[in-house]
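Trainee: First the structure, then my questions, so here it is.
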Amino acid sequence: MKKGLVLEGGAMRGMFTAGVIDVMMENNIEFDGAVGVSAGAAFGCNYKSRQIGRVLRYNTRFCNDKRYCGIRSLLTTGNIFNTQFCYEEVPMKYDVFDFETYRSNPMEFYVVCTDIESGKAIYKRCDDFDHRGFDWIRASSSMPLVAQIVEIEGQKLLDGGIADSIPVRFFEDIGYNRNIAVLTQPKGYQKKKNETLALIKWKYRKYPNLVEAVANRHLMYNEMLEYIAAQEQNGRLLVIRPDEALPIGRVEKDPEKLRAVYEIGRRAAEKQLENIRRYLDTDAGTGSAKTKL
């Protein structure tokens with residue numbers, strides 16, 4: 001049985017995810033692998049490096065810093081989140097990422113990006129993580145219109161959520177059969193058609209497969225929610241989600257709002273903690289708890 005953790009994106013809604021994963025780390029909940037999309041990748045990598053509280057620390061510290069994110073960064077660098085500051089200075093200087101622990105932790109970690117030429121998802125396993133590994137996380141988090149295309153290994157990449165927002169099927173396909181999914185939207189949420197599609201068609205007119213993926217994203221996302229509901233109903237997936245829409249913007253400048261959403265995530269995980277333990281200690285497909293000697 002392989003235990004997997006699936007982390008949806010959602011920009012600063014990811015502070016909910018940060019709260020969830022901190023509680024699980026504090027309670028020694030371990031997984032064989034994790035897969036993150038966008039903010040799910042940027043925040044989820046701290047599970048493998050075992051850095052409880054790091055996501056909350058650097059986001060509340062720098063959310064109002066002009067070097068971190070905002071319109072100024074977008075106009076001067078083409079990225080609303082400043083690449084050099086977010087992916088180089090913060091993890092290397094201001095809130096140091098534990099690369100050694102990341103490498104030594106046997107948990108697999110996957111990052112989802114979208115190949116803009118094919119419009120398909122790219123699933124990158126990141127084991128030997130150095131500072132260049134953040135390029136994959138940056139690509140996964142690069143939202144259309146407010147971030148530049150990221151080129152890695154001959155591939156042109158953007159936000160992984162375009163092609164696969166909640167990669168439950170991917171993890172099932174590679175052998176993970178006991179999965180927990182952390183979502184950042186409440187039950188009953190349905191994604192709507194992208195309101196900026198006309199602008200996306202113009203800006204990415206050289207990449208018709210990307211445009212098609214963006215145009216169909218709401219359909220794919222909502223179909224995945226149906227699949228998740230069925231898996232959840234059948235006991236093949238445990239889902240942690242907020243009870244209501246999270247009170248936060250995609251680019252949030254208020255540290256108290258960041259902290260509040262983080263606390264919502266913590267409470268959701270604490271409420272589910274015994275269910276999490278019981279679920280991960282149950283044989284997939286049998287519904288029976290494993291006997292401990």
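The values are calculated or read from the model by the stated rules, or taken from the named source; none is laboratory data. The structure displayed is predicted, hence computed values, not measured ones. Reconstructed Cβ throughout: ideal geometry from the backbone, glycine too, with neighbour counts over all protein chains shown. We work out accessible area using only protein heavy atoms, side chains counted, and drop any ligands, DNA or RNA first. Shrake-Rupley method; radii C 1.70, N 1.55, O 1.52, S 1.80 Å.
Trainee: Which one of these does residue 62 not meet: (1) more than 22 Å from residue 183 (Cβ to Cβ); (2) open to solvent by 50 Å² or more (accessible area, probe 1.4 Å)?
Mentor: Exception for residue 62: condition (2).
Trainee: Could you give every pair whose Cβ atoms fall below 9 Å, whose first residue belongs to region 161-173 and is within 18 Å of residue 11 (Cβ to Cβ), and whose second residue is assigned to a loop (DSSP other than H, G, I, E, B) and among the β-branched types (Val, Ile, Thr), counting only separations of at least 6 or pairs across chains?
Mentor: 162/116
Trainee: Can you tell me how many residues in region 211-256 are in contact with a Cys (Cβ under 9 Å, 6 or more places away or on another chain), over 29 Å from residue 116 (Cα atoms) and assigned to a loop (DSSP other than H, G, I, E, B)?
Mentor: Final tally of qualifying residues: 2.
Trainee: Sticking with this one: When only residues in region 135-189 that are of a type in the set (Gly, Ala, Ser) and farther than 16 Å from residue 119 by Cα count, which is most open to solvent (accessible area, probe 1.4 Å)?
Mentor: Among those residues, the one meeting the criterion is 188.
Trainee: If residue 157 satisfies all but one of (1) at pLDDT 95 or above; (2) part of a helix (DSSP H, G or I), what's the number of the condition it fails?
Mentor: Tallying (1) at pLDDT 95 or above; (2) part of a helix (DSSP H, G or I), residue 157 fails exactly one: (2).
Trainee: Run residue 219 past the list (1) hydrophobic (A, V, I, L, M, F, W, C); (2) surrounded by 12 or more Cβ atoms within 10 Å (Cβ to Cβ); (3) under 21 Å from the mean Cα position of the chain (by Cα) and report the number of the one that doesn't hold.
Mentor: The failed condition is (2).
Trainee: Right, another one. Residue check, residue 138 against (1) in a helix (DSSP H, G or I); (2) charged (D, E, K, R); (3) at pLDDT below 95, all met but one. Which one?
Mentor: The failed condition is (3).
Trainee: Pick out, from region 32-131, the helices (runs of 4 or more DSSP H) lying fully within it that include 2 or more residues that are basic (Lys, Arg) and at pLDDT 95 or above.
Mentor: 54-62
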